[in-house]
Amino acid sequence: MNRKLIFLDIDGTLTEAGCNVPPDSALEAVRRAMAKGHKVLLCTGRNPGMLAPVLKYGFNGAVACGGGYVFTGDEVLYDCPMTEEQRVTGLELLKKHGVFRTIEAKDVTYGDEDLGEFLAGAGEGNSELMRWRKALAEQLNILPMKEYDGRPLYKIVFMCTSYDQLDEAKAALGDQFNFVVQDVAAHSCLNGELVNKKFDKGKGVRIVAEHFGIPLEDTIGFGDSMNDLEMIETVGMSVCMANGSPLLKEKSKMVCPAVTEDGLYKAFEELGLI
């Protein structure tokens, strides 16, 4: 069969939300696919710093920072941090309206100091909320916001209780950034992220496919939430996890079992990758 280029979201897809250890079956599927000559990359909102615990399993690279930083091996294919003006405007206007912020540079993440307390009362939610709660609880490389030193940022993650808290920041930056709010109604907080309109996971897929000389029809993407939408819309074969967003399932060509039910292994098998 043709060599395939496989992209895997992490939280809720490769691993359970907030976890850095994939099921053994998923790692076996990745290993066997690679042995057949396929390339397997991560495609995630995480920055390289938060990717490190997963990259050790031998992936061929990653579309990181939601598409803002793309690399394979030691080669950087795309690097697009926000400008200083964008960074200052976004952080100031979100803080002004009581929005809780987590900011991601390439290798380190910073969070408002009272974010953990805010999340503790927010109830159960989607994979992104679960990841941040667990990451904060375990201090997974998330430093206090007061230690931020002005280094380039790729993403601002926000959490708040109402949409109007985002209005002023949207008015100032809405032409340059998508304000992506997760489709969650199960808890009392809105969570989402500012994603630069210059890139997305779909563009990252295209960059990697061009680099390896693999046509888009030979790309496969696995995801679980709406921040995977551009990847799902770009790849030749789109797969949503059974534990994923109902909206993403509608957009995907295939739905596979949940991450907790050996979903990746079963899908790799069904698609003839192993």
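The values are calculated or read from the model by the stated rules, or taken from the named source; none is laboratory data. Keep in mind that what you see is a predicted model, and the values were worked out from it rather than measured. So basically every Cβ, Gly included, is an ideal-geometry build from the backbone, and we count neighbours across all protein chains shown.
General observations
- Among the residues examined, L153 qualifies as under 18 Å from R87 (Cα atoms), assigned to a loop (DSSP other than H, G, I, E, B), of a type in the set (A, V, I, L, M, F, W, C) and modelled with pLDDT of 95 or more.
- Unique match (being charged (D, E, K, R), surrounded by fewer than 17 Cβ atoms within 10 Å (Cβ to Cβ) and modelled with pLDDT of 95 or more) among E117, E28: E28
- Every residue from segment 1-45 that is hydroxyl-bearing (S, T, Y) and under 19 Å from the mean Cα position of the chain (by Cα): T13, T15, T44
- Residues satisfying the stated conditions in segment 214-240, i.e. among the polar types (S, T, N, Q) and without any contact (Cβ under 8 Å) to a residue 60 or more places away in the chain: T234, S238
- Of the residues making up segment 187-209, those that are closer than 18 Å to R46 by Cα and not in a helix (DSSP H, G or I) are N191, G192, E193, L194, V195, N196, K197, K198, F199, D200.
- Checked against the criterion of being farther than 26 Å from D149 by Cβ, surrounded by 15 or more Cβ atoms within 10 Å (Cβ to Cβ), among the polar types (S, T, N, Q) and in contact (Cβ under 8 Å) with a residue 40 or more places away in the chain, segment 33-54 contains not a single residue that satisfies it.
- From the list D200, D218, D224, D262, the one residue that fits, being surrounded by 18 or more Cβ atoms within 10 Å (Cβ to Cβ) and either touching a Leu at 6+ places or on another chain (Cβ under 6 Å) or at pLDDT below 95 (or both), is D200.
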